[in-house]
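The values are calculated or read from the model by the stated rules, or taken from the named source; none is laboratory data. Given the structure is predicted, the values throughout are model-derived calculations rather than measurements. Because the Cβ atoms are built from the backbone with ideal geometry, glycine has one as well, and the counts that use them run over all protein chains shown.
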Amino acid sequence: MIRIRVILGNLGRLILIVGIAMLSCLTWSIAYRESVTIPILQAAALTIACGLLLSSFYSPNDPINFKEGFILVSLGWIVVSLFGALPYLFSGYLPSFADAFFETVSGFTTTGASVITDVEAWPHGLLFWRSLTQWLGGMGIISLFVAIMANLGTRAKQLFKSEVPGPVSDNISPRIRETARKLWIAYVILSACCAAVLYLFGMDFFDSLCHTFAALSSGGFSTKNASIAFYASPQIEWAIIIFMFIAGTNFALHFFSYKNRSPRVYWKNSEFKLYTGIILVTSLLVFLNLGNPWHSAGWSDNLRTAVFHVTSIVTTTGFVTTDHNFWPHMATALILMMMFVGGCSGSTGGGIKPGRYLIILKRSTIEFKKMVHPRAVYALRFGDRIINTDLLLNALQFFFLYIIIAALGMLYLTSQGLDFVSGLSAAASCLGNIGPGLGLVGPVQNYSFISDSGKYVLSILMLIGRLEIYPLLVLFIPTFWQE
């Protein structure tokens, strides 16, 4: 049985979290005496009021059931995006609802696709909210909900696993609320380290915070029109490369590495090794393809550029230092391929995930072996665990649905007038929560020219990608709503 009262009550508590977070933007708008102070305050007040009103439907004695969990996860992201768009709408900086909703969904899903043509003209209060949405969405607004709220019942694990990306997840603690809490602690500590490093390397305090929120969340929103290229600093670029790589790694590995006081936990993880190998090999290929004649840059600049962009795309961050639309064809093709990789399971990165590729590759290897030894029995292993048939089918089905959804998105966008490369990369970028694509949606472009209907379609792709397809699409199965 689906109880509307329970769903509304829990949605209210989610909205309340967003409203309280919105208040933090007032610090910057007041400090810089900006005209958006009142609109932000109005947006926060309305959000908090609605959150409190809906929370009144909640009773601690009403733990959510299985179906309510799926509804809460899916509707939760949509509802917080609706309320998160209010500062843009009330301030008038994005008066179109389609633009405001697109920008907010892009923030919470850590996609980084934007409709803003001149971000440097925006007030600090709105830029901070824009970056904060990514940081909140990076580890997950639902996982934050699980971490700080008690009395969720036995479905807290379902809520957490429905949002944490990847085919398998590592539990830090037997109690799922404790796992969520420790992951958020690790997230906050790494964010503090990143902000300190960027500040020491020359960013001012505001920019270091905003770029930290974007880097650790694998988001990619910048406070500068030229993104990281604005700073023209090799030190800042290498620092961001490192933190993007960290953000694309399973956060459970960070916790266990700290707990055991040893980095060996990383190299025992097969997905991490594949993730690292993909970045290293692809960076080398891009570096070799760029060559010294490219923009008359030296080998060190080309190497840094190659590693930066490959890491940015694989981790689905979307930061840029140059326009890869003008790269040699092979390098551009590699960037397009990396849009279908993604960060590790349990990271802030989106995409298909190296873990799923690993499961599919290992199963393919077993099939080749069975052609030689038909009667042999081989176990499909993922690290130290044996993968059952259900999980294998889940990975295969996910891959199939991912490609189909990307193709459908591309078809719709090309029907709206985009060329094939722009349409494909826009669909792949939004579904993979990456941000910049190729062609008309390349690194120095934005999504403002796309029609309102196209923006809504891309927003849906972002949500589907962030929730890893199933939690959102299951709501469209008629039997789900039957008793």
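Scanning the stretch 313-325 for residues that are surrounded by 17 or more Cβ atoms within 10 Å (Cβ to Cβ) and either touching a Gly at 6+ places or on another chain (Cβ under 6 Å) or at pLDDT below 95 (or both) turns up Thr315, Thr316, Thr317, Gly318, Phe319, Val320, Thr321, Thr322, His324, Asn325.
For the stretch 250-288, a residue qualifies if it is surrounded by 13 or more Cβ atoms within 10 Å (Cβ to Cβ), of a type in the set (S, T, N, Q) and under 20 Å from Trp184 (Cα atoms), and the qualifying residues are Asn250, Ser257. None of Gly84, Gly76, Gly69 is touching a residue at least 24 places away in the same chain (Cβ under 8 Å), crowded, with 18+ Cβ neighbours inside 10 Å, within 26 Å of Phe449 (Cβ to Cβ) and in the same structural domain as Arg5 (by TED's automatic domain parsing) except Gly84. For the stretch 466-478, the criterion of being modelled with pLDDT under 95, under 17 Å from Gln134 (Cα atoms) and not charged (D, E, K, R) is satisfied by at least one residue.
For the stretch 92-107, check the following and say yes or no: at least one residue is of a type in the set (A, V, I, L, M), under 17 Å from Arg466 (Cβ atoms) and outside the structural domain of Asn433 (by TED's automatic domain parsing). Yes. The condition of being more than 19 Å from the chain's Cα centre (by Cα) and surrounded by 24 or more Cβ atoms within 10 Å (Cβ to Cβ) holds for only one of Gly137, Gly125, that being Gly125. Residues of the stretch 414-436 that are of a type outside the set (Gly, Ala, Ser) and closer than 26 Å to Thr348 by Cβ: Leu424, Cys430, Leu431, Asn433, Ile434, Pro436.
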